[in-house]
Every structure is written in C-alpha cells, then in structure tokens.
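Okay, structure first, notes after.
No lab work stands behind these numbers, since they all come straight from the coordinates. These figures come from a predicted structure and were not determined experimentally. Positions of Cβ are generated from backbone atoms using ideal geometry, with glycine treated the same way; all protein chains shown enter the neighbour counts.
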Amino acid sequence: MTRRSRKDTFQAVTLRSLAIRLTPAVLILFSLTLMIFYKLDSLPIERARVTVTDFMAPVLDAVSRPFAAVTNSFDGVRTMRELKAENIRLREDNAKLEKWYEAALKLQAENQSFRELLNVKADPALVFVTARIISDPGGAFVKSVLLPVGTGDNVHKGNAVMSGHGLIGRVVEAGSQSARVLLVTDLNSRIPVMVQNTRTRAILAGRNTDLLRLERLPIDSGLSVGQRIVTSGDGGQLPPDIPIGTIVDIGPQGVLVRPLTAIEKVTYVQVINTSMDPALISGELTAAPAH
Amino acid sequence: MPLQIQDGWKGILLSVAARFGLTFLVIFVLLIVSTFPLPGPHLAEVRPAFVLMAVYYWTILFPGTFSYFLTFGLGIALDLLTGFPLGMNAASLVLVHWLTFRQRKFMLGQPFGVLWAGLAFVAVSIGTLQWLVFSLVNSQAVAVRSQVMSVVVTCALFPVVAPALSAFGRWVAVRSSLAGR
C-alpha cells in the first residue's frame, strides 16, 4: 500500500514537473497559432482589441497628459536663432498667403456662380469630430494612434482622420469610447489617391518610414517632384480632394511622397464623419432596405 | 501598507494572490508607459521595452513573483494595446522568461555588468526575431531603423530602471513571504 502510494506520488510529481517544463513551449506554440489565426481572420481579434482599447482609453487619456506636457516642453525649447529664422519664414509665408487669399475669394465667387448656372448637386457637408491623440502605441512596427472618441461620438470605422494640414490616416477600429487610427505611414495603409493637377489615379502605400510610395500608376503618368497628392474618393470610404502630401523623389525606389503633416508632432486631429454606405464597412454589413 | 502574513492555506493563497497581483500591476503600469513615445527630438518612434526588462530581471532575481501564464497574459495585453499581430509579444516574452530562467543559476552570482550584457543579448535577439516575424507576416522587409533605436534605448535605460525593479521585486517577495521560492 505504501509502495503504491509512493508510486502514485512519484507519478504525480513527474507529471507536474513535465507540465511545468512544457508550459513555456505550449504557450509559445499557442502564441504562434494565434498569429496564424490573426493572419487568416482578424475580425474576432479586432473585437477583442476594441474591447481592451475601450477599457484602457480613460487610463491612457489620464496618463498621456503629463507625457504630452513633457513632449511639448521639449518642443518649446528652441534657440533664439531658430525662432528668428522661423519668424522670417512666417512673414514670407504670410505675404504669399495674402495673395492666395485674394485669388481664392475670386475663384470661390466664380465657382459659386458656375455651380448655380449648371445646377450642380453639392456634396454632402462633412461633419468633423475633434479629438486629442491619447496614445501612439505602435512604435517600430505599427504606425497607429488611439483617440478617446468612438461610436458614441459618431466616429466609425473607415472615417478619414486629418490634422490641420491634411490626411494622416483612417479609423480601422472603433469602440464605444475609443478609436484606433491607422496612419498613412503604416505598412498596411493603402489610400486611393490622385495627383491634384493631372487627376492621375494611384494607390498611396505606407512603408513604415517617413515617406510613402505611389503604386499602381498608369504608364507615362508624367509625374514630377513637387506635385501634390490628394485623396481620389474612389471606393467611397474617404472624401475626395483631401491633401495628403507632395512628391519628393522619383527614382529606383519608385515615386516617393512626403506627408504634409509631421505626424509625430500632431496632438489634435479631426475625424471626418461622412455619411457613406454602411455596406462598405467591413464587419458592419446591414440588411438592404425593403422597397 | 504591508500585507499581513497568515498561516495555513489562506495565508498561502493570500501570498500567491499578492505576489502575482502586485507584479501584474507593476508590469501593467510599465506596459502602459511602454506605449508612449519618449520625449525629445527624433525619439517619436522609439519605445523602450520596459516589460521585457522587468521579465528578464525578475526572472533572475525573483522568479517566484510571476509565472509563465502571467508573462503570456501581459504579452497578449501588449499585443492588443499596440496593434501588433496577436501572439507576437506574448511569444517573445514567454521565450525571454523561459531562456532567462534556464540561465538563472549562472546569472545569479554575476556582477551587474554581466546582467546588463545579458539584457542586451536578449533585447537584440528578440528585436531581430520580432523584425523577422513581422516581415514574414507582411511578406516584405520592414524598415529596421526604429527597431534598432528601440533596442539601443532599452539597453541604455536598463541601469536606470534595474534598481527600481530590484527594490520593488524585493518588496513584493518579502511582503508576500515567498522570497526566493
């Protein structure tokens, strides 16, 4: 009886020891399985992510304030020479902009009269939601930011997100009180765009660097450095004519575009809420209306 | 406020809950801090791996303060929060925990410089592994500059973070009365 008891104890200890030894290997294998599952079908994981982000948003919002204050104070420390140079540049910019303002007023009046003559149906007005960036969690591999606004604030998946200068990304996950924005610089970002003056269509792809690349360009597209890139509105997810960047290089790496906004310095953003077809939003399909 | 040490199974349960709970809480705070960029020019994309530092250092000094499941859970939380492919940080942290635990006996008697070199080795290895996996998942070579910067900053900050980790690990171990187990 005692021998049997000892045998049982020995077996139990061996099993326990084996379980402890195998635990890390099993967890690593499980993690790899999750990664494969994520690659095949990311929707359930996206829901889990939205839940966690919603839960964490108030905490991140509170923690981000002192971080933002420290970062801003670093940005505020500049030498007198830099400030003088900036002042000169701003004066020059102001002089140029005053001329452009006059031209814009004239064109606006002209445009308005043509629209009235042709009875053009105006695009629906865009609704903006302004929010502070509470976290920029991705780091080296993922270029995304979190906003403390969600479906409760009428922010939805697919909405365009702008800084003061142009498009910086689009909402890819929206919870009830938080939203994750995939930046245009992210490796997985693909935005339908066009060259502003030639209306040449292309796809703007992120590269996880400061520069973006134009893809799927037609042959002989006649591009040159300095041309502005704007959204084309193709696909219906993003409104057309939102500026994104300018072409800075045409070479062996392709046509490279620099965003108009230095994204790492952006604190507040505007989410553009367009009234678009909900069927275009993946995972939010709705039944067709009955006729 | 010090935790009361009790005898019997209630005491053991309380100790286990206290050490895992407190450790989880601290690493969770480190996890949140990890999601913010460092202040200063050209550091916007740099994220020091505070969680990796904690897992590495505590595995050597206070292995009783957390388990593989806790490491895995933190990795999953980090993945969900950062937008990484789910499982990437979880696998990385469990791997760090496992490999460091296997070298624990050797590392225990070593001066801080050796521990620092060990962390540098772990940070470079995990950084490279993550880069490879991420490139594989995206079917293209991902830009490496930010990751290199993050690894360098992680190594540079370790001597600053290590004393705090050491002090807190000791506090948890003593308060939960399971030091060295």
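Projecting label points 7 angstrom from Cα along Cα→Cβ for A:ASP249 and A:GLU98 puts them 3.8 nm apart. Sorted into 20 angstrom bins from 0, the C-alpha pair distances of the protein assembly as shown split as 20, 49, 24, 7, 1, 0 percent.
Taking every C-alpha pair closer than 8 Å and separated by at least 6 residues, the mean separation divided by the residue count of chain A gives a relative contact order of 15 percent. Return the subset of A:LYS96/A:LYS143; A:LYS121/A:LYS157; A:LYS39/A:LYS143 for which the Cα-Cα distance in this structure is over 29 Å, preserving the input order. Checking Cα-Cα distances, A:LYS96/A:LYS143 exceed 29 Å. If R0 equals 35 Å, the separation of the Cβ atoms of B:ALA17 and B:VAL124 corresponds to a calculated FRET efficiency of about 0.45. Across peptide B:141-148, the mean count of Cβ atoms from other chains lying within 10 Å of each residue's own Cβ comes to 4.
Each of A:ARG65 and A:THR51 was given a label point 7 Å from its Cα along the Cα-to-Cβ line. The distance between the two points is 3.0 nm. Between A:GLN253, A:GLN112, A:GLN11, the residue with the greatest mean-square fluctuation in the GNM of chain A (Cα pairs under 10 Å linked by springs) is A:GLN11.
Summing charges over all other residues whose Cβ lies under 14 Å from the Cβ of A:VAL248, with Lys and Arg as +1 and Asp and Glu as -1, gives +2.
For the residues of A:37-44, the average number of beta carbons from a partner chain within 10 Å of their own beta carbon is 2.
Dipole magnitude for the protein assembly as shown: about 2060 debye, using +1 per Lys or Arg Cβ and -1 per Asp or Glu Cβ, origin at the Cα centre.
When each of the peptides A:239-251, B:62-74, B:21-33 is scored by how many other beta carbons lie within 10 Å of its residues on average, the order from highest to lowest is B:62-74, B:21-33, A:239-251.
Using the Cβ-Cβ distance between A:LYS121 and A:SER42 with R0 set to 35 Å, the FRET efficiency works out to roughly 0.40.
Across region B:89-181, the relative contact order, built from alpha-carbon pairs under 8 Å that are at least six residues apart, equals 24 percent. Exposure proxy ranking for B:TRP131, A:TRP100, based on other Cβ atoms within 10 angstrom of each Cβ and starting from the fewest, stands as A:TRP100, B:TRP131. Percent of Cα-Cα pairs more than 24 Å apart in region A:111-205, please. Within region A:111-205, distances greater than 24 Å cover 36 percent of Cα pairs. For region A:141-231, the list of trypsin sites (Lys or Arg not before Pro) that fall in a loop by DSSP and count at most 15 other C-beta atoms within 10 angstrom reads A:ARG199, A:ARG216. Applying 0.36 nm per residue to the separation of A:ARG16 and A:ASN154 and subtracting their alpha-carbon distance, the gain on full extension is 44.4 nm.
Judged by the ratio a/c of the largest to the smallest principal axis of the C-alpha gyration tensor, region A:150-245 counts as prolate, that ratio being 1.5 or greater while a/b is larger than b/c.
With the biggest extent put first, the Cα atoms of region B:124-166 measure 41, 17, 12 Å across the principal axes. Entry note, region A:87-210: relative contact order of 16 percent, from Cα contacts under 8 Å with a spacing of 6+ residues. The alpha-carbon atoms of region A:1-63 define a convex hull whose volume equals 169 cubic angstrom per residue.
Mean-square fluctuations from a GNM of chain A, with a 10 angstrom spring cutoff on Cα atoms, peak among A:LEU32, A:LEU223, A:LEU147 at A:LEU32. A straight chain from B:SER166 to B:PHE112 at 0.36 nm per residue would run longer than the Cα-Cα distance by 18.3 nm.
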